[in-house]
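Trainee: Please find one structure pasted underneath; my questions will follow.
The values are calculated or read from the model by the stated rules, or taken from the named source; none is laboratory data. Not measured: the values here are computed from a predicted model. We place every Cβ from the backbone using ideal geometry, glycine too, and count neighbours over all the protein chains shown. What goes into the accessible areas is simple: the full protein's heavy atoms, side chains included, and nothing from ligands, DNA or RNA. Shrake-Rupley method; radii C 1.70, N 1.55, O 1.52, S 1.80 Å.
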Amino acid sequence: MGVELPPKTTMQEKDSKRRGSLFILALLAVGILLGGMIFFANALRDFRYIIDGVLVILVLFISAFLFVDRRRYRSRNLSLIQEFTDLNIRFSVLADTVSAVSSTLDLEVLQEKILDVMLGLTHSSIGTVLLPDEDRQSLRVMASRGFKPHAVEGLSIPAGKGTIGKVFATGKLAVRNNLPPDPRAAETYLDGHSPRTQVIMPLKAKGEVQGVTIAASTQNYAYTQDDIDLLYSLCHEMAVAIVNVELYQKSQRTLEWLSETQEYTSGFIEEMLAGVAVINAEGEVIYFNREAAALTGLKPEEVLGLNIDLFERGGEGGRYDVLTAFKPILHGCFKEDMVLTRRETLINKPDGRQATFSYNAFPLHRKKGGNVGSAVVFMDVTALKEMEARLRQQDHLSILGQMSAKIAHEVKNPLFAILGLLDELEKAEMGEEQTRLVELIREEAALCSEWISGMLTFVRAPVQVGPDCMTRQSLGDVLHQLLNDFIGQNAVNGLKVVEDLEANLPPVRASADQFRHIFSNLLENALNAMAENGVLTVRAHAGDNGYCEVRVEDNGSGIPEEALPHIYDPFFTTTDGGTGLGLSIVQKIMLDIGGKIDVVSQKNMGTTVVLKLPIG
């Protein structure tokens, strides 16, 4: 962008000299005419010629004055037009420069434009643009013209030192004329000539110098005050452009950082192993991550944009019942500024099961105060709660087992003594009544012995099942054999047995003795619950989670709902004559081998016991 300043005019000075010369000539002509008329008047003795002559002279003088003044005004108008044109060109240059630099958002391009403008306005061919480093202790060359590359590459000028450094430190322009020849001109400049004139301009904006631009010419050039004022204006506008570009680039970096941070945060929240739901001030769901969808069974697109007031039980056909518990939580956090940590709530899942959710909920605040919404972070801790319950029950059973072992030990010896005495009494002659009493004592003693055996089985230490003691047979073969043996020993009239065993089931992590205890107790419970013509079904299949699932189903009397929480308690029974240790023993063995047990039952609808046995 090379633009030259128009030359300054001297027309007014020339016009002033011309007017002075004409005025002297006019006075001289008037004097000659006036002297001639006086001479002729004296000679002719008629003074009327003098009066007429004076009038003619006045007319001629006025005409000459008007003629000269017309040229003066014309000359003055031409001078004003020239000055106006000069000023218009200067403002045009300023406007074009401002437009050019203000439309540039690339700092390197802007530096090149600044340099082009400065070189054009100062009739120069050599120039540089220097900007400070971050700590403003030195200036670095950012763009250059007329220099050989090695002369300015890596050049750093300390701030406050030398003419350039002082211009940066003080913000005052420096003009240097009649510069001495540079002995290294051939090595430094492209044309090999030293500069004669140099102008160093601070790029100042917002009260701070943003950099320095230098223009140098190999010819002497006298800068007028108008030139200096224009250069100051241009440098100010270019400095403002530098500030704007730096602010723009900084804002772009900030936006990129925010975008990356938002993307990272969004990805982090999306991949969290916890559900996250967020509402805005209007109560609309604005975020619902992948884990929240998995825990609730609702897709994000089904929930986003909905108002939480729709989370009413039974609303929308019960579609959002799973989120009903979150409505008062989110409302309370937003409206009452509550923070809830480590809380738990019961959630009704779409499949009808009830789950326990642990959650933290909190309001979302504006930086300037006030709430913009609220959020809840939740996890399904149902399995954890069940595990805690099993551990508590295992501790309870352990203590109870120790007590039972002590009781069994104390009762066992007297019981054996009673049975021995009964044997001696039977050898003696007894009457019918005595025989009946002895048999009654023997039956009660046998029942007591059965209780003791059950108690000892219950408190027996868990067997460590390794490769040597694990069953080698397929689970299907083991179940088929146990079922046949049990039915053969406990024949029931009209009993129908259904086997639904998947082929080629793998061995499981349990010993033969553990198998016998588990299934003898379950099968005995099933038989006791069914009347004649009952149906006993045993199903087994391999799962994809490292377990084989076995189901023992009956169509018996079932278990009352109020009794279900207590079925694993030792000595709890709903059957007359039962010991109440069957399911306790089964549960203990399943815990010992790392398996799981679940019982589903309804009164008069039968019972299903589901076992998950770890594959060996």
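Trainee: Could we say that Ile589 is within 23 Å of Phe515 (Cα to Cα) and β-branched (Val, Ile, Thr) here?
Mentor: Values: within 23 Å of Phe515 (Cα to Cα): yes; β-branched (Val, Ile, Thr): yes.
Yes; evaluated as a whole, the condition is true for this residue.
Trainee: Right, here's the next one. Surrounded by 13 or more Cβ atoms within 10 Å (Cβ to Cβ), at pLDDT 90 or above and not aliphatic (A, V, I, L, M) - does that describe any residue in region 167-175?
Mentor: Yes, some residue in region 167-175 is surrounded by 13 or more Cβ atoms within 10 Å (Cβ to Cβ), at pLDDT 90 or above and not aliphatic (A, V, I, L, M).
Trainee: Kindly indicate whether any position in region 195-207 is open to solvent by 60 Å² or more (accessible area, probe 1.4 Å), modelled with pLDDT of 85 or more and closer than 17 Å to Thr128 by Cα.
Mentor: yes
Condition check ((1) among the aliphatic types (A, V, I, L, M); (2) open to solvent by 80 Å² or more (accessible area, probe 1.4 Å); (3) closer than 30 Å to Ser251 by Cβ; (4) part of a helix (DSSP H, G or I)) across all residues:
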residue	(1), (2), (3), (4)
Glu112	no, no, yes, yes
Val129	yes, no, yes, no
Pro180	no, yes, no, no
Pro183	no, yes, no, no
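Trainee: Any idea how many residues of region 485-503 are modelled with pLDDT of 85 or more and of a type outside the set (A, V, I, L, M)?
Mentor: Number satisfying all stated conditions: 4.
Trainee: What's the number of the only condition in (1) within 21 Å of Lys385 (Cα to Cα); (2) touching a strand residue (DSSP E or B) at 6+ places or on another chain (Cβ under 6 Å); (3) assigned to a strand (DSSP E or B) that Arg342 fails to meet?
Mentor: So the condition that Arg342 fails would be (2).
Trainee: Kindly indicate the residue of region 138-163 that is part of a loop (DSSP other than H, G, I, E, B) and free of Cβ contacts under 8 Å to residues at least 60 places away in the same chain and also surrounded by the fewest Cβ atoms within 10 Å (Cβ to Cβ) among those meeting that condition.
Mentor: The qualifying residue surrounded by the fewest Cβ atoms within 10 Å (Cβ to Cβ) is Gly154.
Trainee: Is it fair to say Thr608 is hydroxyl-bearing (Ser, Thr, Tyr), surrounded by fewer than 21 Cβ atoms within 10 Å (Cβ to Cβ) and under 21 Å from Leu483 (Cα atoms)? Before the answer, list the steps.
Mentor: On the way: hydroxyl-bearing (Ser, Thr, Tyr): yes; surrounded by fewer than 21 Cβ atoms within 10 Å (Cβ to Cβ): yes; under 21 Å from Leu483 (Cα atoms): yes.
It is true that Thr608 is hydroxyl-bearing (Ser, Thr, Tyr), surrounded by fewer than 21 Cβ atoms within 10 Å (Cβ to Cβ) and under 21 Å from Leu483 (Cα atoms).
Residue by residue, here is whether (1) in contact (Cβ under 8 Å) with a residue 60 or more places away in the chain; (2) open to solvent by 50 Å² or more (accessible area, probe 1.4 Å) holds:
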site: Ala540; (1), (2): yes, no
site: Gly543; (1), (2): yes, no
site: Gly546; (1), (2): yes, no
site: Val550; (1), (2): yes, no
site: Asn555; (1), (2): no, yes
site: Gly558; (1), (2): no, no
site: Glu562; (1), (2): no, yes
site: Ile567; (1), (2): no, no
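Trainee: Among the candidates Val600, Val535, Val586, single out the residue that is in contact with a strand residue (DSSP E or B) (Cβ under 8 Å, 6 or more places away or on another chain) and buried (at least 17 other Cβ atoms within 10 Å of the Cβ).
Mentor: Details: Val600 fails: buried (at least 17 other Cβ atoms within 10 Å of the Cβ); Val535 fails: buried (at least 17 other Cβ atoms within 10 Å of the Cβ).
From the options Val600, Val535, Val586, the qualifying one is Val586.
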